[in-house]
1. Residues Ile98, Ile68, Ile80, Ile106: which one is in contact with a His (Cβ under 9 Å, 6 or more places away or on another chain) and in contact (Cβ under 8 Å) with a residue 40 or more places away in the chain?
2. Out of Val85, Val57, which single residue is over 22 Å from Glu127 (Cα atoms), open to solvent by less than 70 Å² (accessible area, probe 1.4 Å) and modelled with pLDDT of 95 or more?
3. For segment 12-21, give me each residue that is in contact (Cβ under 8 Å) with a residue 40 or more places away in the chain and open to solvent by 60 Å² or more (accessible area, probe 1.4 Å).
4. Out of all the residues in segment 52-68, is one or more within 15 Å of the chain's Cα centre (by Cα), under 14 Å from His13 (Cα atoms) and of a type outside the set (S, T, N, Q)?
5. Among residues belonging to segment 100-132 that are at pLDDT 95 or above and among the basic types (Lys, Arg), point out the one that is least open to solvent (accessible area, probe 1.4 Å).
6. For Pro37, work out the one condition from (1) within 17 Å of the chain's Cα centre (by Cα); (2) under 13 Å from Val95 (Cα atoms) it doesn't fulfil.
7. Which number in (1) under 16 Å from the mean Cα position of the chain (by Cα); (2) in a loop (DSSP other than H, G, I, E, B); (3) of a type outside the set (Gly, Ala, Ser) marks the one condition that Arg148 misses?
8. Report, ordered by the first and then the second residue, all pairs with beta carbons closer than 9 Å, sequence separation of six or more or different chains, a first member in segment 44-65 that is over 16 Å from Ala26 (Cα atoms), and a second member that is at pLDDT below 95 and open to solvent by 20 Å² or more (accessible area, probe 1.4 Å).
Amino acid sequence: MIALMRVDHRLLHGQVAFSWTQYVGADCILIANNSVPNDELRKTTIKLAKPPSVKLVIKNIDDSIEAIKSGVTDKYNLFIVVESVEDAWRLASAVDDIKSINLGGIKVKEGSINISKAINLLPDEIEKLTQLVGKGVEVEIRQVPNDRKQLFTECV
């Protein structure tokens with residue numbers, strides 16, 4: 001079961017690893033990213049942030065989609081973490097079981113619009129998230145679980 005998907009440019013760090021994993025009751029974290037599987041330094045850093053009782057899987061986007069669709073992840077309460085809106089859009093467009101996306105940290109880029117404290121989106125990212133909302137996916141903004149949930153549609 002997919003508990004939650006989070007977009008965070010830092011991927012896995014203390015806030016995500018502990019507060020969100022505990023909040024959603026995840027027993028497996030999937031880092032879905034095209035560069036991390038081939039980057040030993042980033043992989044090592046991410047592994048250090050993992051809570052001891054939680055399984056960590058690092059796959060590229062296509063392999064993540066394939067694994068979820070194959071059913072191999074069904075036995076887990078899965079918390080998916082992606083680095084970008086593009087990655088979230090690709091996964092959520094391919095996997096119907098993704099019903100909720102948390103926007104946690106998206107850094108400033110040239111041409112981006114600040115829509116919330118730590119959320120900066122390009123116009124095409126806003127369009128992709130709007131498409132997902134139109135398909136019934138909840139897109140919400142919270143840094144940590146105790147923050148007030150703010151819907152993406154209230155901010156754009």
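1. Selected residue: Ile106, the only one of Ile98, Ile68, Ile80, Ile106 that is in contact with a His (Cβ under 9 Å, 6 or more places away or on another chain) and in contact (Cβ under 8 Å) with a residue 40 or more places away in the chain.
2. Details: Val85 fails: over 22 Å from Glu127 (Cα atoms).
When all the criteria are applied, what remains is Val57.
3. As a first pass, look at segment 12-21 and keep what is in contact (Cβ under 8 Å) with a residue 40 or more places away in the chain: 12, 15-16, 19-21.
Scanning segment 12-21 gives no hits.
4. The answer is yes; a qualifying residue exists.
5. Going through the qualifying residues, I end up with Lys128.
6. Going through the list (1) within 17 Å of the chain's Cα centre (by Cα); (2) under 13 Å from Val95 (Cα atoms), Pro37 breaks only (2).
7. Here Arg148 clears every test but (1).
8. Matching pairs, first to second residue: Thr45/His13; Ile46/His13.
The values are calculated or read from the model by the stated rules, or taken from the named source; none is laboratory data. Predicted model, so just to flag it, every value in this text is computed and none were measured. Glycine also receives a Cβ, built like all others from the backbone with ideal geometry; neighbour counts cover every protein chain displayed. What goes into the accessible areas is simple: the full protein's heavy atoms, side chains included, and nothing from ligands, DNA or RNA. Shrake-Rupley method; radii C 1.70, N 1.55, O 1.52, S 1.80 Å.
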